[in-house]
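S.K.: Take a look at the following structure, please.
The values are calculated or read from the model by the stated rules, or taken from the named source; none is laboratory data. Model, not experiment: these values are computed from the prediction. We place every Cβ from the backbone using ideal geometry, glycine too, and count neighbours over all the protein chains shown. Side chains are part of the model used for accessible areas, which takes the heavy atoms of the whole protein and leaves out ligands, DNA and RNA. Shrake-Rupley method; radii C 1.70, N 1.55, O 1.52, S 1.80 Å.
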Amino acid sequence: MCNSNVKSAGGVAQIDGRPVLQPAGNRVAAPDGARPLKKSLQKSLSMPASLDNAAAATTCTAAPENTRAAAASLLPPPTPASVNAKATRVAGAKAAGTKTAAAAAVGSLDRSRKPAKKAGAAVLPVVMFAGLEAYEPAGSIAAAQREHAALAQAQRKMRIAHYGRTASFSRVEGKVSATATGAAELVTSQDEKRCSFITPYTDSLYVAYHDEEWGVPVHDDELLFEMLTLSGVQVGADWTSILKRRHVYREAFSGFNVDAVAKYTEKQMASLSAEFGLDLGTIRGAVNNACRITEVRRDFGSFSKYVWTFVNNKPLSPSYKYSRKIPVKTSKSESISKDMVRRGFRFVGPTVIHSFMQAVGLTNDHLVSCPRHRVCSSSA
């Protein structure tokens, strides 16, 4: 309780009966035309009694009215600078109080979330402070992350529980377990996969050629002569179109009889070109190669012996795994091409000779995954 008794007389003020000199300069008159503070600002500037000198004087309930009036008249009026400083102090005090309350709430919530070690252990209640509505709003990032993690964990457990039990697996399992014969057929269909250049859209004639002739070792001179001629014609075209006209070439070249073709005259060549629609240069090249084969027969006994000498009478087996690894020519095809060119053969470039080697089984270029690879290797 404040018992101060303030009296003012001129420039001397008496406080509790003691004279206190108060210069006139200490009393500053209020500025003219000063605007009163807004209610919201006045409310925000409310301070505790220890921080406000004016509030200290007004809290003295026992002091008389004249004493409170005299004390208020002695204090200088609030200036803009003092108002701003007071507002800053008030805002800082409120922010500190809010942070303290939030920290206390977080601590209480964390303690309340921990499971009790004993059945009878008491759980601390969640303390909610004024201005702190909830510890974690429903739409917060942390809540969304925990929800996503829980969903991912549930999905992972589901995948682990149903690992390998898909619908397709069940269908295959049913087919395999039906009968022993069905199982054998399923394994055979999976294992017997043709070379990758044979697709579902490949012509059936070319598929038959792949499955029956391509890569099979050939030792017949007439068939070797036929494949050498077709390999030369195939340059710039595809095997499917050549195979479709294979009967035309056989008829034009007398079944690829080497001795008969070697005796063709220029008049016969022109007649065949006009009758079968074949290129005259192709016919002349085939006749020239037939003549060269007759010469090779005198030196080696047969055209087959001459050709197979380059590979030591054993087919080459590169064992390619991918069709893109199969080359268009090799060093062996280049060496055979050079020797045949030296002997006077025509249309026997390295690429043509490599195609010829593949066709007659001098090299087994079936992919290792193709069942024909094993068949051609065993037939050799």
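S.K.: As a quick test, which of the pairs Lys263/Lys329; Lys263/Lys338; Lys305/Lys338; Lys193/Lys305; Lys193/Lys332 have an alpha carbon distance above 23 angstrom in this structure?
M.R.: Numbers: Lys263/Lys329 32 Å; Lys263/Lys338 26 Å; Lys305/Lys338 17 Å; Lys193/Lys305 34 Å; Lys193/Lys332 28 Å.
Over 23 Å Cα-Cα: Lys263/Lys329; Lys263/Lys338; Lys193/Lys305; Lys193/Lys332.
S.K.: Work through the residues other than Pro318 whose Cβ is under 11 Å from its Cβ and net out their charges, Lys, Arg +1 and Asp, Glu -1.
M.R.: Net charge around Pro318: +2.
S.K.: Can I ask one more? For Ser319 and His148, what does the FRET efficiency come to when R0 = 56 Å and r is the distance between their Cβ atoms, rounded to the nearest 0.05?
M.R.: 0.65
S.K.: Quick one: pull the percent of accessible area on the range 204-379 belonging to carbon and sulfur, 1.4 Å probe, ligands and nucleic acids left out.
M.R.: 51
S.K.: Kindly report the accessible area of the range 204-379 per residue (heavy atoms of protein chains, probe 1.4 Å, no ligands, DNA or RNA), in Å². Can you show the working numbers first?
M.R.: Details: 8470 Å² over 176 residues.
Result: 48 Å² per residue.
S.K.: Another question, if that's okay. Quick one: length gained pulling Phe300 to Glu275 fully straight, 0.36 nm per residue minus the C-alpha distance? Mind showing how you got there, number by number?
M.R.: Details: separation 25, 0.36 × 25 = 9.00 nm, distance 3.56 nm.
Once the chain is fully extended between Phe300 and Glu275, it gains 5.4 nm.
S.K.: Semi-axes, largest first, in whole Å: what does sqrt of 5 times each Cα gyration tensor eigenvalue give for the range 204-379?
M.R.: 27, 19, 14
S.K.: Please compute the net charge surrounding Ala208, taking Lys and Arg as +1 and Asp and Glu as -1 over other residues with Cβ under 14 Å from its Cβ.
M.R.: Working: positive: Arg194, Lys244, Arg246, Arg372; negative: Asp203, Asp211, Glu212, Glu213.
In short, 0.
S.K.: Let me ask something else. Using a cut-off of 12 Å between beta-carbons, work out the net charge of the residues near Arg246 (Lys and Arg +1, Asp and Glu -1, Arg246 not included).
M.R.: 0
S.K.: For a quick check: with amide H placed at 1.01 Å from N, whose amide H comes under 5 Å from Leu316's, ignoring anything fewer than 5 positions away on the same chain?
M.R.: For Leu316, the qualifying residues are Thr363, Asn364.
S.K.: Moving to a separate point now. State the extension gain, in nm to one decimal, for the chain segment bounded by Phe197 and Glu266, taking 0.36 nm per residue of separation less the distance between their alpha-carbons.
M.R.: 20.8 nm
S.K.: Next question, about the same structure. On a 1.4 Å probe surface of the protein chains, which of Lys338, Lys157 comes out largest in accessible area, and what is the full order?
M.R.: Numbers: Lys338 150, Lys157 125 Å².
Descending order: Lys338, Lys157.
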